[in-house]
1. Among the residues of the stretch 119-159, which ones are buried (at least 21 other Cβ atoms within 10 Å of the Cβ), within 23 Å of residue 460 (Cα to Cα) and aliphatic (A, V, I, L, M)?
2. What helices (runs of 4 or more DSSP H) completely inside the stretch 312-403 contain at least 1 residues that are at pLDDT 95 or above?
3. Going by the conditions given, is residue 368 in contact with a helix residue (DSSP H, G or I) (Cβ under 6 Å, 6 or more places away or on another chain) and either under 24 Å from residue 137 (Cα atoms) or free of Cβ contacts under 8 Å to residues at least 12 places away in the same chain (or both)?
4. Taking the criterion of being at pLDDT 90 or above and assigned to a loop (DSSP other than H, G, I, E, B), would at least one residue in the stretch 258-281 satisfy it?
5. Select from the stretch 387-414 the residues that are closer than 21 Å to residue 319 by Cβ and among the charged types (D, E, K, R) and list them in ascending order.
6. Please go through the stretch 361-370 and give me each residue that is of a type in the set (A, V, I, L, M) and more than 15 Å from residue 176 (Cβ to Cβ), ordered by number.
7. Go through the stretch 354-375 and give me each residue that's closer than 23 Å to residue 303 by Cα and not hydrophobic (A, V, I, L, M, F, W, C).
8. Could you check the stretch 207-228 and list, in sequence order, the residues that are open to solvent by less than 20 Å² (accessible area, probe 1.4 Å) and under 15 Å from residue 94 (Cα atoms)?
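The values are calculated or read from the model by the stated rules, or taken from the named source; none is laboratory data. As the structure is a computational prediction, the values presented were derived from the model and not from experiment. Positions of Cβ are generated from backbone atoms using ideal geometry, with glycine treated the same way; all protein chains shown enter the neighbour counts. Ligands, DNA and RNA are excluded from the accessible area calculation, which covers all protein heavy atoms including side chains. Shrake-Rupley method; radii C 1.70, N 1.55, O 1.52, S 1.80 Å.
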Amino acid sequence: MRTRLYLLVLLALAAAAPLGAQQILRWGGDAEGGAPFVEADPRDPSKLVGFDVEIAELIASKLGRTPQFLQVQFTSLDQSAKRGDFEIGLSGIEDIPARRQSLAASIPYYEFREVLTVRDGDRGRYRSLADLKGRRVATLGGTMAYDLLLDAERTHGITAVSYDDDVHPYSDLVLGRVDGVVLDNVLADRAMRRNTGLFTHPGALAVGHYIVITAPENTALRDHVDRILRDAMKDGTLEAIFKKWNVWNEDQSELYARLVNAPSTPGTPGTPGTLGTLGTPSTPGTGEKVRSYLPSLFRAALITLVLSFAAMALAVALGVLIATGRVYGDRFSRSLLTIYVEVMRGTPVLLQLFVIYYGLASMIRLPAFIAALLGLGLNYAAYESEIYRSALEAVPRGQLDAARILGFTRMQTLRLVRAPQAFRLALAPMTNDFVALLKDSSLVSMLTVVELTKQTQIFATNIGSWVIPGLLCALLYLAMSLPLGYLARRLEERWRMPTV
């Protein structure tokens with residue numbers, strides 16, 4: 001009887017587990033962008049607020065589930081949806097052809113306008129992208145606005161600057177690092193409230209829509225979401241949510257009228273040519289996209305290579321000075337240099353990059369490339385110094401004593417006896433550090449430097465897949481790093497000390 005009872009309990013638990021799991025609706029978004037999309041409640045950081053939060057809660061309620069938020073970086077939302085990390089994703093996600101081809105996308109629930117924001121003093125000078133010829137214009141990477149700026153680079157001669165978030169473009173506009181920002185009107189309105197001295201031109205450079213995404217096989221769930229959104233348009237629920245967040249306008253009334261009256265065909269955004277992509281031309285094939293992106297990937301790889309070589313040169317020069325100071329300096333100098341090394345090695349390089357570029361902006365406005373060079377160089381100098389210090393101290397004391405007996409000065413001993421032997425010992429770890437720096441250069445995309453990994457990320461977002469962009473990126477990194485390893489091995493063989 002007891003055995004049967006245990007079996008019944010186990011069967012009941014097994015049956016209840018799937019039912020319990022079905023009560024949760026996981027939804028993905030990025031809280032870093034802030035209100036009015038998704039952000040931590042300032043009064044209670046454990047809670048989320050924003051109109052996308054309320055729409056997710058509405059969908060979950062209508063499906064009879066409890067919403068559960070999953071934090072995903074904005075540029076990774078598409079890939080996370082494909083993997084099934086969450087059931088639905090919404091965080092100001094734009095309706096673009098590549099997204100509809102690779103995911104199950106809902107009907108639009110909000111219509112936005114891409115607008116140009118400039119400094120208030122330049123409102124009469126910069127009225128359009130054509131007026132910004134030769135100027136830097138910022139936006140969020142992997143968006144419709146970024147594609148607009150890439151077109152403007154070719155047609156109007158502007159310089160498109162890509163950011164990983166939608167906050168720093170406007171703060172850099174205030175600081176004068178860029179001369180304009182192109183993003184949707186929701187973000188522009190928020191920036192106007194947060195920053196003084198900005199002006200947004202009301203004219204639309206383009207029109208787009210926010211949508212809900214899910215995995216491509218979840219068409220049934222997508223159709224449920226479409227019905228929930230259409231019902232919310234009819235009964236005024238969506239209007240109430242958007243009015244609460246001060247983003248409602250007449251564009252939404254016209255959008256909802258078209259959607260509600262359009263045939264409810266599963267998997268379509270609405271009336272062709274008026275909804276979804278708004279008559280966007282047919283998307284080019286993958287092969288054509290790869291060919292069009294290859295020049296950009298090669299340029300980004302060149303930036304990565306130049307930045308890595310320059311940063312390594314700085315790291316080597318500073319590392320030699322730091323190591324020499326720690327070996328030959330007085331107690332005070334050694335203490336200061338030790339503190340520097342431990343601080344730089346004990347804090348994330350990304351934090352150091354942010355401090356140099358954004359934290360020091362009120363005192364000195366470094367160009368993004370220079371800030372990236374300094375950040376990587378100063379960080380790796382600490383690691384290089386430890387390699388050189390240990391290599392210097394590995395030279396046998398007997399040789400140093402012999403040099404002293406022969407009357408060599410301390411500098412002559414370092415230059416003629418100690419340094420050459422230490423270099424042989426340090427060569428292999430130096431090469432490892434250079435390869436590591438080459439890969440760590442991907443972090444500088446946070447400072448608007450479009451290096452290889454950032455350009456690959458934009459490429460992957462625009463085609464809706466990481467497979468081909470990831471392979472191309474890996475091949476380019478290998479093409480840059482493998483020759484370094486080969487060169488290091490040749491030098492080691494050439495300068496290897498006798499073992500007999």
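1. Scanning the stretch 119-159 gives 137, 138, 140, 144, 145, 149, 152.
2. Details: elements: 331-346, 349-354, 368-394.
Where helices (runs of 4 or more DSSP H) fall fully within the stretch 312-403 and carry at least 1 residues being at pLDDT 95 or above, they are 331-346, 368-394.
3. On the way: in contact with a helix residue (DSSP H, G or I) (Cβ under 6 Å, 6 or more places away or on another chain): yes; either under 24 Å from residue 137 (Cα atoms) or free of Cβ contacts under 8 Å to residues at least 12 places away in the same chain (or both): yes.
Against the criterion (in contact with a helix residue (DSSP H, G or I) (Cβ under 6 Å, 6 or more places away or on another chain) and either under 24 Å from residue 137 (Cα atoms) or free of Cβ contacts under 8 Å to residues at least 12 places away in the same chain (or both)), residue 368 qualifies.
4. Initial filter on the stretch 258-281 (at pLDDT 90 or above): 258-259.
Going one step further and asking which of them are assigned to a loop (DSSP other than H, G, I, E, B), we end up with none.
No, that holds for no residue.
5. Selection gives 389, 393, 410.
6. So the first thing to find is which residues in the stretch 361-370 are of a type in the set (A, V, I, L, M), and the list is 361, 363-364, 366, 368, 370.
The answer is 370, and nothing else.
7. Within the stretch 354-375, 357, 358, 365, 367, 375 meet the criteria.
8. Listed by number, the residues that qualify are 208, 209, 210, 211, 212, 213, 214.
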